[in-house]
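Okay, structure first, notes after.
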Amino acid sequence: RHEVKRQCVATTHPAAPGTEQLRQDCCRQLAAVDDSWCRCSALNHMVGGIYRELGATDVGHPMAEVFPGCRRGDLERRRRSLPAFCNVDIPNGTGGVCYWLGYPRTPRTGH
């Protein structure tokens with residue numbers, strides 16, 4: 001969570017001390033997810049937790065700010081690209097990106 005949030009605001013705020021350790025911890029946690037088919041789902045669950053923590057809805061306009069300096073669309077892109085950033089395998093074809101996480105979900109079911 002902390003790494004995705006940090007990446008989301010990285011373009012407007014300089015790197016803080018301990019950033020490399022935070023990145024390593026995040027990538028280690030993602031790599032520890034046993035079944036690579038579950039990594040994208042784990043990221044989906046994690047970002048849902050960020051939204052709940054911040055009192056935001058799971059769906060909304062991509063330009064809406066989720067927290068200061070971080071728009072919903074930026075957070076979603078960070079979530080989808082984290083496997084490639086961490087160099088962990090996901091069996092979805094090319095690039096290590098959870099593309100399907102960008103597809104619209106229905107608010108009622110979350111699917």
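The values are calculated or read from the model by the stated rules, or taken from the named source; none is laboratory data. Please read all numbers here as calculations on a predicted model, not as lab measurements. Glycine also receives a Cβ, built like all others from the backbone with ideal geometry; neighbour counts cover every protein chain displayed.
Considering only residues in the stretch 23-73 that are among the small types (Gly, Ala, Ser) and in a helix (DSSP H, G or I), the one that is nearest to Pro91 (Cα to Cα) turns out to be Ser36.
In the stretch 52-94, of all residues being buried (at least 16 other Cβ atoms within 10 Å of the Cβ) and charged (D, E, K, R), the one that is nearest to the chain's Cα centre (by Cα) corresponds to Arg79. Number of residues in the stretch 76-100 that are at pLDDT 80 or above and part of a loop (DSSP other than H, G, I, E, B) equals 4.
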